[in-house]
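> Structure in structure tokens, see below.
Throughout, read-outs are computed from the coordinates displayed, never taken from laboratory work. As the structure is a computational prediction, the values presented were derived from the model and not from experiment.
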Amino acid sequence: MLMNCEKSVLLIVDVQERLAPAIDDGEVIVRNCAWLAGVAGRMKVPVVVTEHFPGKIGSSVAEVKAAAVAAGAQFVTKEHFSAEADGCFKGTAIDDRRQVVVCGTEAHVCVQQTALGLRWAGHDVFVVADAAGSRRSTDRELAFARMRGHGIEIVSREMVAFEWLRRGGTELFREVNRDFIR
């Protein structure tokens with residue numbers, strides 16, 4: 001199944017100030033989450049951002065927060081590792097869209113538990129591998145394998161962009177290609 005911009009929502013999970021520096025290849029993960037928020041904003045795909053105990057872990061990293069705000073994101077706070085279990089998606093775009101494209105940290109904790117919860121709740125879930133990280137790469141890879149085994153698709157950020165675009169030769173394609181695809 002292809003990702004469709006009219007059926008998708010981008011979910012950025014817990015890319016927060018005190019956690020991001022500990023993530024393996026964290027600068028790339030942060031940059032790719034911000035990139036996805038930028039593409040989503042350009043393509044009018046709703047964005048939801050979770051923050052886990054922001055009073056303790058900090059707010060979203062500035063680069064991600066700026067891109068998400070520019071895309072019109074909804075921000076929610078949570079206490080459970082799984083945002084789905086926490087119930088914080090009530091009233092967000094996730095209620096209205098079947099496909100959830102997920103990125104963030106940590107892949108083996110909050111991303112995985114949220115993705116599994118969304119899958120079990122009936123959503124089609126896509127986790128963006130180059131925009132999801134953990135402190136240890138082995139935990140990240142195990143999370144991807146486990147999620148894949150539960151019917152969650154593991155994709156790349158460019159797969160998301162090109163599937164949302166569907167075709168070349170349009171003004172939107174030229175804009176996204178110019179501003180995001182390098």
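> Taking N as the number of residues in region 125-182, what is its Cα Rg relative to 2.2 N^0.38 Å?
Ratio of Rg to 2.2 N^0.38 Å for region 125-182: 1.40.
> State the Kirkwood hydrodynamic radius of region 37-119 in Å, one decimal place, computed from all pairs of distinct Cα atoms.
Value: 13.0 Å, from the Cα pair sum.
> Between (1) 99; (2) 174; (3) 159, which entry matches volume of the Cα convex hull per residue in Å³ as derived from the coordinates of this structure?
Computed from these coordinates, volume of the Cα convex hull per residue in Å³ corresponds to label (1).
> Another one. For Trp120 and Met1, calculate 0.36 nm times their separation in residues minus their Cα-Cα distance, and state this gained length in nm to one decimal.
Using 0.36 nm per residue and subtracting the Cα-Cα distance, I get 41.1 nm.
> Report, in cubic angstrom per residue, the convex hull volume of the C-alpha atoms of region 110-158.
Each residue corresponds to 62 Å³ of Cα convex hull volume.
> DSSP beta bridges in the chain, what fraction antiparallel, as a percent rounded to 5?
5 percent
> Still on this structure, I have one more. Quick check: the distance between the Cα centres of region 21-75 and region 109-182, to the nearest angstrom?
14 Å
> Still on this model: Using only the alpha-carbon atoms of region 1-75 as identical scatterers, what base-10 log of I(q)/I(0) does the Debye formula give at q = 0.11, 0.13, 0.18, 0.26 Å⁻¹?
-0.26, -0.36, -0.66, -1.15
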